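Remarks on the structure that follows.
The values are calculated or read from the model by the stated rules, or taken from the named source; none is laboratory data. Here the structure is a predicted model, which is why all the values come from computation and not from measurement. Heads up, the Cβs are rebuilt from the backbone with ideal geometry, glycines too, and the neighbour counts pull from every protein chain shown. Heads up: the accessible areas ignore ligands, DNA and RNA and are worked out on the full protein's heavy atoms, side chains in. Shrake-Rupley method; radii C 1.70, N 1.55, O 1.52, S 1.80 Å.
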Amino acid sequence: MSEELNKIIAKDPDQKEFHQAVREVLETVQPVLDRNPEYRQSKILERLAEPERTIIFRVPWMDDTGKVQVNRGYRIEMSSAIGPYKGGLRFHPSVNLSILKFLAFEQVFKNALTTLPIGGGKGGSDFDPKGKSDNEVMRFCQSFMSELYRHIGPNTDVPAGDIGVGGREIGYLFGQYKRLSNESSSVLTGKGLDWGGSLIRPEATGYGAVYFAAEMLATRNGSMEGKTCLVSGSGNVAQYTVEKILDLGGKAVTLSDSAGFIYDETGIDREKLAWVKALKDIRRGRIKEYAEKYPEAVYTEANATLDYNPLWTIKADCAFPSATQNEINGKDAGNLIENGVFVVSEGANMPSTPDAVDLFVDHKIFYAPGKAANAGGVAVSGLEMSQNAMRLAWSREKVDKRLQGIMKSIHTSCVDACAEYGEKGNYVAGANIAGFTKVVNAMLDQGLV
Amino acid sequence: MDKITQKTKAGPENTQSPGFQVRNILFVSTPYHLPGLKADIHPSPWEITHAASMEEAAARLPKAAFDLVFIEIEALDDKTGMTVQHLKTLCPGLPVILLVQPGPCKNRPLEQDADHIFIWSGTPGIFHAMVRFIEDQFCKDTTRRAVLLVEDSLEYTSFFLPAVYKGIDTAFPGARRPRLVLAGSHEAAMDQFRELGNRLDCVLSDTRLPWQEKEAPGAGIDILSTIHREMPGLPIMLMSAEEANKTLAQGIPAPFLDKNANHLDQDLHEFFSSLASERPAQGREIHAKDLYPVQTSPAGLTRIGNGSIGGKARGLAFLAQTLNRRPDLGTAYPEMAVNIPDTLILCTDIFDDFVRDNGLARLTGRPLAELVQAFIDAPLPREILRHLETYLAATCTPLAVRSSSLLEDAVTHPCAGLYKTYMIPNNHADPDIRLSHLATAVKLVYASAYYKNARAFVRSTTVLPFRDSMAVMIQEVAGSRYKDFFYPAISGTAHSLNFYPAANAKADEGVLNLAMGLGHTLAQGEQSFRVFPKHPQATPQFSGTRDFLEKTQNRFYALRMADYPETLRFGICSNLERRDLAQALEEAPVKALAATYMPAEDRIRDTWYCRGPKILTFAQVLKYGTPPLTALVNDLMTALAHDAGGPIELEFTADLPDRSGGPWNISLLQVRPMSSPRDTSLITKENLDEAVCVSTSTLGNGTLETIRDIVYVNPETFEGGKTPDMAQQISRINAELAKTNRRFLLAGPGRWGSSDPWLGIPVDWQQISGAGAIVEIRDGTIHADASWGSHFFNTITARGVPYITVNPGASDRIDLSNLAGCRTVRDEGFIRHMRLNRPLLIKVDGKHSRSVIIDAGKADNHIQDE
């Protein structure tokens, strides 16, 4: 393994972020490589680590004071083994080639895991939208798309939003694409609802994490019915996680924000959830107020001097970390297991530290890593493409149903993959292997291209 | 403390006559101070000519026979470099008094050529006292009796001058009142004593004084002991800021005056009263009608009383003057009508009388509730109540009762919001209840001068003897009523100098902060909308919809107009109510100023009229110029800064047009000079040489002298992929430091607060909440663009935390490895916490975006070495 990695490092010695991503994937798929000598034979790793195409381009634009500004645009078309490149555009001053290659590399396997026919890519620019006027953002987006448009298309490459690219930017980008290509096709996802966007986008991640948990339980003839669930966070992901837990008959008892968490033993019912949504989305208050409104709940203030989070010490069946990175450390993982939690489904991105993951895997609980459990967002992007291709706009119910179907297939892929490699029930190995083998097999099938 | 530079010089021709009287005064100051001066010496018995610069003063001097020149020290800064000496050569012998603002003036090169230097704090009667002092000095009547004041500090002399004259008038009424003689050292005091002998009426002396060219702690005791021995019947008093000297005073024996006492002037008054009681009464005439005359100025400012109008009202007087001089300012935009709300001012003498007559000064330090109750129980003079009643008869809009204290808004002490502001609905059916509400509000503003934090502030200004006095402004509140609440659509503050520029903005283009509702949101530093008035479309605080959702204002303050208790709630927030934006969604200001977030599309639409959470973005005003508020504010800032001779801060409100259409109503509430970077953070060449950190790209302004703790990322243990661990370690150190409320210097590579762990340490503000200054080091450890503090922009701008970017190279450098007297408190591996035995000196020159960090301990060692 190190020989391949060394070659990759030698090629671009300063792309540290990218090397890190490659190293992590290599570590997780070691058993696959060991068992399939043809992968090494066909230099699969070196091929994977080399983007199919890297486009770097000039983005000149004029600011509001009439001064010319020049940014650098990128599109990394990493792999189209399973379908058109798909991945977000990021506008942020930190954007550079190494970071985008790192993100594109991860995106390839993430997308493969969804079981949808989409490849992987990533793009963006070192443009900083902070402090820019609408007009400046529009001029930048138009200039960016004036080059990018010739490289993308509904069957070639379908970018989406990412940091710094929201509904406004997607609108400007789409407008310019349409103008230059004289085509109104599904070339971007994240579009406005009135012009090709899909429903269930804000809900997708939270719903998906619960669907995945339900699938895990189903393997032992269980269900979410009657399960007590710990949910961290109180944003979109957490709110829709609670909503889907309620739909499936479970009971969510916690929510949190950066100041602390509430524990409502009686369960967060629909009325309380609606109140939380208003609190967080409209009033933008603190979750502390929940305990004032509903005296049956207990509020615990965050304490930075503790080396664990007391939220994870509450007795429950399932945990849905939906707040932030590294919110569950080794000690928290121990506390969870000790208190009877046997399902952990990650709605947030990388909420568990490596120690915590090891502990979950060692104790053989149902642990769904983020790359599988929070794939709902990518899945709905895929569904937006499907709707555009069919020139249809599905109802909420239909999108939700499809989402559930996708989460089910992801689950099946994971279970099959880990079973195949003798790691039954290890969803971490399953997710890593399933995504990887799908891409690699497609590459082998399609010959040396 | 600055010593008095006292020089006796021959006066001009007319000063030679025994009855020298000042008639013509030349006042040299930047235009900002003129209205304040006029108000403070109103009614003026002198002919006053104003010169806006030293150059103009020089031109005016030969044209009229001036008896005295006052120079406000800011006026010495004009580009011509003309000095006091220049003026003196033009008109030899003409007395010149230099006026300085209260506050630290150690950086100021005080001009040695002035006859006297005094502090102009707006202490009532200071001008009359200064003029009388000059008259006394040039009095050649050798038979006239005298009071000797031995004092060497500039602050105390400026404080005692009017107080002693007041005492003289109490103790020695009549035509032949003694004159005041000053001595600033042991030698000078003894010389005066020998010369004046039995013509002395009394002697007051400080304890610690220069004696034989050294500061002698017991000089005053020696002076008074000698005097008492030689003239046992002469009234004497020992003064000291050190309470321990009280016993020494008893040994002389002499009464003792504690200079730190809160009732200092009252004690002084009692001393002179005791002198009076020892003399036969000569009868004093008091005309009640003269006590509180009401004068109306053309600007809609009405005053009651004869004292100073206070700092805040001075600003208002200046504002009125500028608007009067530049009528086009208020009329350039037909969409907006500019006005200054009608204002009634109760001058400082009313406060002083109220406190004295009711014996309230003795309550200093008592528990808050007792203090407040005593103020409420004390009656306002009937005369004042009658005035207020007349005022209320003509006014039925809500009123703001604000403090306008002497120190408040002084140039060197921007302390807006230190004292209380009370708002009253003023709509009760019973006029007596309305009057009682107003009287209570006035008394509560008075009481706030005795609150602990207010007194701590006064102490912190280094002008110990200036017990602050307080004028009160009663101002109509600008705004409209929405059901049970009253508030303006927009409250704003504009600063003509911006210490946190971003994007295309430049420091001298200024910055604007907007909030919906009453300005309490801004005063409290709550979430507001920051905008650069030359680039109103840009939103420096926000980089995406998430930012808008999390960081825009969602609560605001309004005045409750109905269902209030008869006695009003004068406690928390004084009848103000903090309302959720969500409660006011159907009210006109929200409809006019809010945008809507569309969750399904992750975008914001600049209109209230669609479904989704509302976000206050002020888009209508800022993006679409309806009305062009930023253009108006630009014009106002430029004009006011020009007239004030330096950067200013302006407070205003903008209220929606009424239903019949018409213009927006723009009310200008206050203007004051911004503290000048020159005073606070001038970076010298020596600073640059001795600094352990130099940056040429720093946000912020001012000087920090209290930080002793340094939390920094250890470059030796740094690992690129481990930044989230570093964030955890910092968080733990921060929590520990928070327990003792210690602020620290945070230093490390990369973009602080980056969400991407490869580009910087991904801390959120709560994890570094105790950071008093932040250093972003760009030495190649992390490859990333400078963040310019963008991840914490709201917080650092609101708290004035300097964000120091260091690009090691030609002009920038940082080296924290060799700090003298530094010990490691905690080493977490990646992060180290060090504590110095002395605070660092952090100087930020906001005008030029430069900063230095100086190891003050090292500098001291350096001096000792020499």
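Distance between the modelled labels on A:R58 and B:K739, one decimal in nanometres: 6.0 nm (7 Å Cα→Cβ projection).
In this structure the amide hydrogen of B:I117, modeled in the peptide plane, comes within under 5 Å of the amide hydrogens of B:T5, B:L98, none closer than 5 places in sequence on its chain.
For the range A:143-207, the Cβ-based charge dipole about the Cα centre amounts to some 140 debye (Lys, Arg positive; Asp, Glu negative; other atoms uncharged).
Between the residues A:V343, A:V253, A:L444, the greatest Cα displacement towards the positive end of the dipole of chain A, with unit charges on the Cβ of Lys, Arg, Asp and Glu, is found for A:L444. Computing FRET efficiency as 1/(1 + (r/R0)^6) for A:D307 and B:Q250, where r is the C-beta to C-beta distance and R0 is 51 Å, gives about 0.25. Here A:D194 and B:E389 are evaluated by their C-beta separation; at R0 = 51 Å the FRET efficiency comes out at 0.25.
Applied to the range B:546-559, the Karplus parametrisation 6.51 cos²θ - 1.76 cosθ + 1.60 on θ = phi - 60° returns per-residue 3J(HN,Hα) values of 4, 4, 4, 5, 8, 10, 8, 4, 10, 9, 8, 10, 9, 8 Hz, with x for Gly and Pro. Listed by chain and number, the lysines placed with their C-alpha closer than 19 angstrom to that of B:K483 are B:K591; residues fewer than eight positions away on the same chain are left out. Placing a label point 7 Å from the Cα of B:E719 along the Cα-to-Cβ line, the residues of the range B:799-834 whose backbone N sits under 20 Å from it are B:827-833.
For chain B, the relative contact order comes to 9 percent (Cα pairs under 8 Å, sequence separation of at least 6). Taking a ≥ b ≥ c as the square roots of the eigenvalues of the alpha-carbon gyration tensor, the range A:308-449 is classed oblate because a/c is 1.5 or more while a/b is no larger than b/c.
Candidates A:N374, A:I433, A:Q404 compared by Cα position along the dipole of the range A:361-437: farthest toward the positive end lies A:Q404, with charges placed on Cβ.
The trypsin sites (Lys or Arg not before Pro) of the range A:220-276 that DSSP puts in a loop, and whose beta carbon has at most 14 other beta carbons within 10 Å, are A:R220.
Per residue of peptide B:538-545, the mean number of Cβ atoms on other chains within 10 Å of the residue Cβ is 6. For chain B, excluding the exposed loop sites themselves (chymotrypsin sites (Phe, Trp or Tyr not before Pro), DSSP loop, at most 14 other Cβ atoms within 10 Å), the longest remaining stretch covers B:1-608. In terms of its alpha-carbon gyration tensor, chain A comes out oblate; a/c meets the 1.5 threshold, while b/c is at least as large as a/b.
Toward the positive end of the charge dipole of the range A:51-163, with +1 on the Cβ of Lys and Arg and -1 on the Cβ of Asp and Glu, the farthest Cα among A:T156, A:S125, A:P60 is that of A:T156.
Taking every DSSP beta bridge with both residues inside chain B, roughly what % is antiparallel (nearest 5)? The answer is about 60 percent antiparallel. Chains A and B together bury roughly 3400 Å² of accessible surface, counting both sides and using a 1.4 Å probe on protein heavy atoms.
For the residue pairs B:K443/B:K506; B:K88/B:K140; A:K43/A:K86; B:K443/B:K739; A:K7/B:K722, the alpha carbons lie more than 32 Å apart in B:K443/B:K506; B:K443/B:K739. Couplings 3J(HN,Hα) of the range B:648-661, computed from phi: 10, 10, 10, 10, 8, 10, 10, 10, 5, x, 6, 4, 7, x Hz, in residue order, whole Hz [Karplus 6.51 cos²θ - 1.76 cosθ + 1.60, θ = phi - 60°; x for Gly and Pro].
One quarter of the convex hull surface built on the alpha carbon atoms of the protein assembly as shown amounts to 54.8 nm², the projected area averaged over directions.
Taking amide H atoms as placed 1.01 Å from N in the peptide plane, the amide H of B:V28 lies under 5 Å from those of B:A51, B:F70, B:I71, B:E72, each 5 or more residues away in sequence or on another chain.
Taking other residues whose beta carbon is less than 14 angstrom from the beta carbon of B:L196, and scoring Lys, Arg as +1 and Asp, Glu as -1, yields -1. The charge dipole of the range B:648-789, taken about the Cα centre with unit charges on the Cβ atoms of Lys, Arg (+1) and Asp, Glu (-1), comes to about 260 debye, rounded to the nearest 20. Please say if the range A:197-299 is rounded, prolate or oblate, where rounded means a/c under 1.5 for a ≥ b ≥ c the square roots of the C-alpha gyration tensor eigenvalues, and otherwise the choice is prolate for a/b larger than b/c and oblate otherwise? Judged from the Cα gyration tensor, the range A:197-299 comes out oblate (a/c at least 1.5, b/c at or above a/b). For a test of understanding, tell me how many lysine pairs in the range A:88-182 have Cα atoms under 25 Å apart, given they are 8 or more places apart or on different chains. So the count works out to 8. Taking amide H atoms as placed 1.01 Å from N in the peptide plane, the amide H of B:M423 lies under 5 Å from those of B:V401, each 5 or more residues away in sequence or on another chain. So how far, in whole Å, is the C-alpha centre of the range B:730-809 from the one of the range B:471-524? Between the Cα centres of the range B:730-809 and the range B:471-524 lies a distance of 28 Å. Considering only A:Y299, A:Y85, A:Y211, the mean-square fluctuation computed in a Gaussian network model of chain A, springs between alpha carbons under 10 angstrom, is largest for A:Y299. Among residues other than A:L311 with Cβ under 13 Å from its Cβ, the summed charge is -3 (Lys and Arg +1, Asp and Glu -1).
Projected label points at B:C610 and B:R578, each 7 Å from Cα along the beta carbon direction, are separated by 3.3 nanometres. Which net charge results when you count Lys and Arg as +1 and Asp and Glu as -1 among the other residues whose beta-carbon is under 10 Å from that of B:Q321? Summing Lys/Arg as +1 and Asp/Glu as -1 gives +2. Computed over protein heavy atoms with a 1.4 Å probe, the accessible surface of the range A:341-448 works out to 42 Å² per residue. When the trypsin sites (Lys or Arg not before Pro) in the range B:688-788 are filtered for DSSP coil states and for at most 13 other beta-carbon atoms within 10 Å of their beta-carbon, no site remains. Just from its helices, what would the mean residue ellipticity at 222 nm be for chain B, if runs of 4 or more DSSP H residues each count -39500 (n - 2.57) and the sum is divided by every residue, rounded to the nearest 500 deg cm²/dmol? Computed mean residue ellipticity for chain B: -8500 deg cm²/dmol. Under a model in which nothing but the beta-carbon of Lys, Arg (+1) and Asp, Glu (-1) is charged, the protein assembly as shown shows a dipole of about 1740 debye around its Cα centre.
The alpha-carbon of B:K63 sits under 17 angstrom from the alpha-carbons of these aspartates and glutamates, leaving out residues fewer than 8 places away in its chain: B:E13, B:E47, B:E55.
For the residues A:Y240, A:Y421, A:Y74, a GNM of chain A with alpha-carbon springs under 10 Å puts the largest fluctuation on A:Y421.
With θ taken as phi - 60° and the Karplus curve 6.51 cos²θ - 1.76 cosθ + 1.60 applied, the whole-hertz 3J(HN,Hα) list for the range A:150-162 is 6, 9, 10, x, x, 10, 10, 7, 10, x, 9, x, 7 Hz, x standing for glycine and proline.
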